[in-house]
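Take a look at the structure set out below.
The values are calculated or read from the model by the stated rules, or taken from the named source; none is laboratory data. Everything numeric in this text was worked out from a predicted model, so none of it was measured. Backbone-built Cβ (ideal geometry, glycine too); neighbour counts: all protein chains shown.
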Amino acid sequence: MKGLVLNGANNFFTVQTEDGLQLRCSLKGKKLKDLQGFYNPLAPGDTVEIEQDELNPEQGQITALVPRKNGFVRRNQKSNEPQLLAANVDAVICVTCPERPPFRPRFVDRVLIQADAEKIPPVIVLNKCDLKIAETVQDRIDDWRRLGYTVFTVSAKTGEGLDELSAFLDEKTCVLTGQSGVGKSSLLNTLNPELNLKTARVSYKYDRGIHTTTQGVFLSFTRKDSHGNERHIQLIDTPGVRNFSLWDIKPEQLIYFFPEMEKAAVQCTFGLSCSHTGEKGCAIQKVLEAGAIHPDRYESWRLIKAELEMLTAEDYS
Ligand code: GDP
Ligand code: ZN
């Protein structure tokens, strides 16, 4: 029978059957060979074939993976392997905040790039909008919107913007990512007070810590918004991270993931040999001077490219 992977690590996973049963399942070796090369073989959101234990019906074995629609990965910096954060998602939700911890546009840009590389639509959630939003922050938010990205401005503390966010989340499966401290757990608890009732914020984190520290957890709940609309939400929460490192993106391709630079990059007469960092007559420089590229987005591109070049150099050393 088929089941949905809710969470798990190494060789044990919690799998929910179509009847709503949750089984603790181990991987049954050989058939899952094609999952090698990943830091983790399965992620929340995966659909698997399972065999229920006859003697112990709360347990089972995972015999095969149903092919994924998509997978959201990041580079695991320790092992330099792709780490699958979530599978089969409709959108990537990148949570950020204006301060406390400081606004990190680079983190968001990286998530936008990785989501685009997997052809998963990304969405930005600016949490803590009850705090002061500095002009530099607002400026970047406006720029993302100008580029066509959806940005929700919300507050887990006051509840502002959560009806709009849940309307977006309705009937979708989305993965939540964000640097530690931006308020992912708080957002989840405000969206789903039951989570709060059953497990206080701290113990929810604690619980997650026991299950797995490197993988996320699949959450499914209904939220009634302030107009009485019921929203069916499925979210894969991933552990907060300090960095989001890109996987499988070549330095020279990076520019094509920046919609405001893509066209000029193709048009640049110096082609692939152009570093786009000051060559006279470079098409990117012209667009930059015309003000059509936010200087900080250009900075993102420059910094991320340098980082990818360093990683590529390591691969060949
Ligand atoms: P996580 O690491 O992303 O899960 O972040 P937490 O949910 O643990 O929140 C980190 C801190 O930010 C906590 O002290 C929260 O009380 C605070 N916080 C979360 N959401 C908001 C918000 O909307 N407004 C304000 N002012 N603080 C918030
Ligand atoms: Zn150029």
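Of all residues in the stretch 307-317, one or more are exposed (fewer than 13 other Cβ atoms within 10 Å of the Cβ) and among the aromatic types (F, W, Y). Condition check: under 11 Å from V175 (Cβ atoms) and of a type in the set (D, E, K, R). Does E118 satisfy that? Yes; evaluated as a whole, the condition is true for this residue. In this structure, is F107 of a type in the set (A, V, I, L, M, F, W, C) and without any contact (Cβ under 8 Å) to a residue 40 or more places away in the chain? Taking the combined requirement at face value, the residue does not satisfy it.
Matching residues to (1) in a loop (DSSP other than H, G, I, E, B); (2) within 12 Å of ligand 2 (Cβ to nearest atom); (3) in contact (Cβ under 8 Å) with a residue 40 or more places away in the chain:
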| site | (1), (2), (3) |
| --- | --- |
| Q253 | no, no, no |
| M261 | no, yes, yes |
| L272 | no, yes, no |
| S275 | yes, yes, no |
| G291 | yes, no, no |
| E299 | no, no, no |
| L303 | no, no, yes |
| M310 | no, no, no |
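Note on the stretch 156-186: among residues that are in a loop (DSSP other than H, G, I, E, B) and away from ligand 1 (no atom under 14 Å from the Cβ), the one that is surrounded by the fewest Cβ atoms within 10 Å (Cβ to Cβ) is E171. Remark: L85 matches the filter, which requires a residue to be under 30 Å from G8 (Cβ atoms) and more than 10 Å from ligand 1 (Cβ to nearest atom).
Yes/no matrix, rows are residues, columns are (1) within 27 Å of P259 (Cα to Cα); (2) in a helix (DSSP H, G or I); (3) modelled with pLDDT under 95:
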{"position": "D116", "(1), (2), (3)": "yes, yes, no"}
{"position": "I133", "(1), (2), (3)": "yes, no, no"}
{"position": "D139", "(1), (2), (3)": "yes, yes, no"}
{"position": "D142", "(1), (2), (3)": "yes, yes, no"}
{"position": "L188", "(1), (2), (3)": "no, yes, yes"}
{"position": "N196", "(1), (2), (3)": "no, yes, yes"}
{"position": "V202", "(1), (2), (3)": "no, yes, yes"}
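Yes or no: the stretch 236-244 includes at least one residue that is crowded, with 17+ Cβ neighbours inside 10 Å and more than 20 Å from the chain's Cα centre (by Cα). No, there is no match, as no residue in the stretch 236-244 is crowded, with 17+ Cβ neighbours inside 10 Å and more than 20 Å from the chain's Cα centre (by Cα). Whenever a residue of the stretch 53-69 is without any contact (Cβ under 8 Å) to a residue 24 or more places away in the chain, its partners that are among the aliphatic types (A, V, I, L, M) and surrounded by 14 or more Cβ atoms within 10 Å (Cβ to Cβ), lying with C-beta atoms within less than 6 angstrom and at least six residues away or across chains, give the pairs R68/A87.
Conditions (1) modelled with pLDDT of 95 or more; (2) small (G, A, S), marked per residue:
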| position | (1), (2) |
| --- | --- |
| G216 | no, yes |
| H232 | yes, no |
| T238 | no, no |
| E262 | no, no |
| T269 | no, no |
| D296 | yes, no |
| S300 | yes, yes |
| A313 | no, yes |
| Y316 | no, no |
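Being among the basic types (K, R) and in a strand (DSSP E or B) is the filter here, so list the residues in the stretch 69-112 that pass it. R74, R75 - these are the residues of the stretch 69-112 that are among the basic types (K, R) and in a strand (DSSP E or B).
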